[in-house]
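Step one of this worksheet: look at the structure below.
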Amino acid sequence: MKRKTVSLALVLLTVNAFGQKHTVSGYIWDKSSHETLIGATILDLPSGKGAITNEYGFYSLTLPDGPVELRTGYVGYSTTTLSFSLTADTVIDFGLQTIASLEEVTITGNRLELGVKGSQMSAVDIPIEQIKAVPAMFGEADVLKALQLLPGVQTGTEATAGIYVRGGAPDENLLLIDGVPVYNVNHMFGFFSVFNPDALKNVTLYKGSFPAHYCGRLSSVVDVRMKDGDMQNCHGNVSVGMVSSKFNFEGPIIRDKTSFNISARRTYSDIVLNAALKLNDRFKFSDMQDDMGMGYYFYDINIKLNHKFSDNDRLYASWYSGDDDIFFDYIESDGELRTKDKLDWKWGNMVGALRWNHICSPKLFMDASASYTRYRHKMGIDVIETDRITGTDNHAGVAMNSGIYDITLRTDMHWSPSAMHDTRFGAYYTHHRFNPDVITADMEGEFKESGDTILDSHINYGQNNIYADEVQFYAEDDISISHAIKADVGLSWSLFNVKGHTFNNLEPRLSMRFLLNDNLSMKAGYAYMSQYVHLLSNNTISLPTDLWVPSTDIIMPEHSHQIAAGAFYQIEGVADLSLEAYYKTEENLLEYKEGESMMNADDKWYDKVAIGRGWSYGVEFMIQRSIGRLNGWLSYTWSRTQRQFDREGMVLNAGNPFDAKYDRRHEFDITCNYSFSKRFDMSATWIYETGNCGTMYTQYYESDMPDKNVYVSEPELGCYGDRNNMRLNPTHRLDLGFNWHRQFSDRVRRTMSLSIYNAYNNRNPFLVYVYKDTQYDSQAKEYVETRTLRQLTLFPILPSLSYTVSF
Amino acid sequence: MKRLSLILTALILVTGCTKDIEYRGTDRGPIMVANSMNRAGDKAYVRVTRSRYFLDSGNPDYTLSDAAVTMTIGGSYHELNYGSRNRNYTSDCTVKPGSILQISAAHPDFGQVYACDTVPKAFSCTVDTAYQAFSMKGIAIDTMFYHGLDVGMIDSVCSFDFCLSSDTGRNEYFMIEFEPIRRFISIRGDTLDTICQYLSYRIATPTLYAIEMIDNESIGDFSELMDLLPVISNGINSFTFSDRHLSDTTHLVFELLMTPVDSTLHIIKSDIKAKYAIRSLSWAAYTYQMAARNFGNHNSPMSEPVTMWTNIQGDGTGVLGSYVEISDSLSLREF
């Protein structure tokens, strides 16, 4: 085995001269960039004891005094071995080098603690490079769409980025960016997610057996970590696509001390549309029109700063901001009056975190953070009338606002008292501010055109802010009971206070591994989860108007129990196989009562929802190959998800169980990347999934009353039978991606990418509706209405090009 | 390469984004529909039809004329007879305020349905009318109801101030209906005064738009205000709402705006009457109407469907509702 030298200084610290055991601790990072590696392993070969780096690349391993031979490992990187005699607590930072023989495509692979030897199950780590390689619609690589290709993760409506994990609804996913929740992960009504892969280092999905330090959602945790920034060299890339352009730039501010990473992207359909409007007079609404603009765009900005105060102290500042904006501006002049009509519909997230990592002792690592996250939606309609002679402005405007705002203080301690124990404990406090719906009207001045005289006024209505406080304490221990048996045991206690009501839950977690041989293990896990926030939505796609609301004394927190068991097998150097089965129950799920809808969420929203339960079970199979010219994964999921609402006054579907909307029975995905040479590689994804469910009224009747005095606004009313009584056609699709690379110099490389979405042009269902047409029947001499069931396909074959320059 | 691009372009163009498909889900089959909306003082009736398959075309009559329909009105049992002229099953007995209604309809092909409803009690409502003239140039500043609203050129306003007497011990539901003339509605009352200073609606028929104004940044129950949005049907405006924010002293002020154009003057000279009706609805009548509105608002393939509410039990649907009505008319010439 090729031995590598340790990249950084070896520092010996004597802490306890009389102890028989001492601790080796430090960071493991990428040798060239000093980017810390999450989930890298370090193993003492003589004793067989080992440790794994945490989210910040830190490890701690306590061993008996005497000769040790440490070997580090991280898939896609060369191993490093170091031998010495342990006589005192020792700090060693390892710099690992990517494997030189895999220059064409080096994929860093699945974290080892999630594989055969780790105690964690129901978790998958997808390397960012693999996410970027997955062919994508419009060439926009997308984290959540890559996660949809994993077993147990189902898609929402076609081409949207929503994920439904083991039967859970979209609001049951805890999506974290650098440990801070993101409440709305969608751009463009869900067709893209907010995660820009260029800014990211690592994505881990937990579907069950959740570690105790995660809480607050029932079904999944998506832990996304941003890149810290290269401590050694400046580099970046610029990419121009058909829908958006983006750049990523990172490097040291002070070498080995401070680094930055900044990424941004923006779509430009609005720029193209506005240019067309200005160049063509046919788009003029009237002769008095002075100017007009309209369009849609979204943008993302990710910034991360990383400063190393000392070997024991680091400070991270990370910030994300992203908005979607639909706008319309129209200006016209009529004599002395100039009128401007303006619509601005904007929604987006902002996330900021300040994080301090401190090594308290070789065995104890502290991560303390203060963070802020907000999602807000705002729609504003304004009319400004300007008297061009006097210069006075009259203004009338209406704005609709909603959102959720969190401030969190959190401390996590990572304690490794011995090689047998890897312990975490900590607490956090979150102050929530829910802003369900507020409408504001502002008016001032005198509108001459309409002849109205208006007094200045400022009017608000809607609901006041709702404040809530959430606290969680947790402790967990990853215990190596014997060589064969390992268990991650955890307990979390959470409290949620809203409007004088306090809820608390004790949430046990367990994940166990039985190692049958070095390549085969069996695992089992259990997790109890609670959720105190709910997303109100009555739409089949994600809309920015969907509202987050807290639990109340009537709407109790949601709970879930999940058990899972599985077998994990590793074909050394070839692939990892996993087979898992799970059963999950959920309580206090929400649906609208029959006849109700959420036109606006007021303080009586809880009167409009029914409370029920659900259960889901399934089997998941996956083969993943993370290295080599050919890499990718194949997955198959069989699952069933049902709901039942039979409480008095809250009965749905006559109290009978029904299939959940995204109950897709079969899901089969193949994702593969192949590198032909340094200059050309390609990727392909093929998916097949059972159609999702929908409720179609199959009978209808005229609402016309003989007594015309009480009107029913709809002339025709439908009779629904069973809820979710139909299934859309299955979805299957082949996506292809081709990348041509060219090295211009040692530092500059360009990549031309061609993506073909839905390559064989299958008409996948986006939605189904009843199409009504009226035609004249010449024989009957009357107009006759005909009805057909019609399926809308949103995206046929869709090729797209992008051009990237890396430097 | 050129040929390939031409083929690709042709593929995209030829590909239609929609296609007709067959329905392969479950269908519950046709069911009986019983609709009965009874006004106190009138004879009770029921219309019995059947539903049709959602892809059926044409306009056939689906009335079930051979059903056995019975009704219990205030404890008195009646068999209803079918009348082919109005296609209703009608009773000889009149509906009384506060009485309990029960219907049962049986048909050999569709089984039996039944329902129960309580007719609202009689209620009182005083109506004060007023008139205010303006200059031809527009609205006087002190007409506070109209601030911020584009009312156009009006020269006079006649207002109808309804003072509803609401029983605080139970929930009540009301509907106020007017003729389709440009008008405002505003609500003032003790309870609402503490919630909002005033609320104004503008309705311009045949199209509707509404502006709500609440002063003082005070916060109300928005859904309740939304209930007040008018329902337009057959050119007649009606406002349906519950009494959640009404008290004995609550006033509902409707205002008819006279425009200075000749046609309006002609109407006034012609002694056209402004007809209005105040109805106290049973809970079933109110809920059915609100549910129908929700059904329409969300009857889109992009939305989760809203199941239509019904109080018909058994294998059927429809509604059994009732109301008590006070109606009158006001001659515009009186102003």
Working carefully through the options A:Phe195, A:Phe210, A:Phe191, find the one that is buried (at least 21 other Cβ atoms within 10 Å of the Cβ) and touching a Gly at 6+ places or on another chain (Cβ under 9 Å). A:Phe210
Scanning the stretch B:85-117 for residues that are in contact with a Ser or Thr (Cβ under 7 Å, 6 or more places away or on another chain) and farther than 17 Å from B:Ala40 by Cα, the one most open to solvent (accessible area, probe 1.4 Å) turns out to be B:Tyr114
Looking only at the stretch A:25-56, how many residues end up being on the phi > 0 side of the Ramachandran plot and buried (at least 23 other Cβ atoms within 10 Å of the Cβ)? 3
When A:Lys278 is evaluated against the numbered criteria (1) open to solvent by 10 Å² or more (accessible area, probe 1.4 Å); (2) basic (Lys, Arg); (3) touching a residue at least 24 places away in the same chain (Cβ under 8 Å), which criterion, by number, is the only one it fails? (3)
How many residues of the stretch A:657-668 are under 16 Å from A:Thr155 (Cα atoms) and open to solvent by less than 20 Å² (accessible area, probe 1.4 Å)? The answer is 4
Conditions (1) at pLDDT below 90; (2) open to solvent by 40 Å² or more (accessible area, probe 1.4 Å); number of the one not met by A:Phe795: (2)
Looking at (1) open to solvent by 50 Å² or more (accessible area, probe 1.4 Å); (2) within 20 Å of A:Gln472 (Cα to Cα); (3) modelled with pLDDT of 95 or more, can you tell me which one A:Ile563 breaks? (2)
What's the number of the condition B:Ala67 fails, among (1) of a type outside the set (Ser, Thr, Tyr); (2) under 24 Å from the mean Cα position of the chain (by Cα); (3) over 30 Å from B:Asn171 (Cα atoms)? (2)
Please give the strands (runs of 3 or more DSSP E) falling wholly within the stretch A:294-401 in which 3 or more residues are under 21 Å from the mean Cα position of the chain (by Cα), at pLDDT 90 or above and of a type in the set (Ser, Thr, Tyr). A:313-334, A:364-387
Can you list residue pairs whose Cβ atoms sit under 8 Å apart, with the first residue in the stretch A:73-98 being open to solvent by 30 Å² or more (accessible area, probe 1.4 Å) and among the β-branched types (Val, Ile, Thr) and the second being modelled with pLDDT under 85 and part of a strand (DSSP E or B)? Count only pairs 6 or more apart in sequence or on different chains. A:Thr79/A:Gly73; A:Val91/A:Leu10; A:Val91/A:Val11; A:Val91/A:Leu12; A:Thr98/A:Tyr77
Please list, ordered by first then second residue, the pairs with beta carbon atoms under 6 Å, 6 or more apart or interchain, first in the stretch A:193-211 and of a type in the set (Asp, Glu), second in a strand (DSSP E or B). A:Asp198/A:Asn248; A:Asp198/A:Ser263
Starting from the stretch B:310-335, take each residue that is over 17 Å from B:Phe110 (Cα atoms) and away from every other protein chain (no Cβ under 11 Å) and list its partners that are open to solvent by 50 Å² or more (accessible area, probe 1.4 Å) and at pLDDT 90 or above, counting only C-beta distances under 6 angstrom and pairs at least six apart or across chains. B:Val324/B:Pro97
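Please find, within the stretch A:567-596, the residue that is least open to solvent (accessible area, probe 1.4 Å) out of those that are at positive phi and away from every other protein chain (no Cβ under 14 Å).
A:Asn588
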Mind counting the residues in the stretch A:697-721 that are at pLDDT 75 or above and touching an Asp or Glu at 6+ places or on another chain (Cβ under 9 Å)? 11
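Which of the residues belonging to the stretch A:737-775 are more than 14 Å from every other protein chain (Cβ to nearest Cβ) and crowded, with 20+ Cβ neighbours inside 10 Å?
A:Gly737, A:Asn739, A:Ser753
Listed here are the residues, each with its yes/no results for (1) within 12 Å of chain B (Cβ to nearest Cβ); (2) crowded, with 19+ Cβ neighbours inside 10 Å.
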residue	(1), (2)
A:Leu652	yes, yes
A:Gly655	no, no
A:Ile670	no, no
A:Asn673	no, yes
A:Thr690	no, yes
A:Cys693	yes, yes
A:Tyr701	yes, yes
Could you please let me know if A:Asn631 is open to solvent by less than 50 Å² (accessible area, probe 1.4 Å), away from chain B (no Cβ under 14 Å) and at negative phi? yes
Would you confirm whether or not the stretch B:273-283 contains a residue that is at pLDDT below 75 and basic (Lys, Arg)? yes
Can you tell me which of A:Leu789, A:Leu794, A:Leu801 is within 26 Å of the chain's Cα centre (by Cα) and in a strand (DSSP E or B)? A:Leu801
On the basis of being open to solvent by less than 10 Å² (accessible area, probe 1.4 Å), on the phi > 0 side of the Ramachandran plot and polar (S, T, N, Q), does A:Ser263 make the cut? no
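The values are calculated or read from the model by the stated rules, or taken from the named source; none is laboratory data. All of these numbers come straight from a predicted model, not from anything done at the bench. Glycine also receives a Cβ, built like all others from the backbone with ideal geometry; neighbour counts cover every protein chain displayed. We work out accessible area using only protein heavy atoms, side chains counted, and drop any ligands, DNA or RNA first. Shrake-Rupley method; radii C 1.70, N 1.55, O 1.52, S 1.80 Å.
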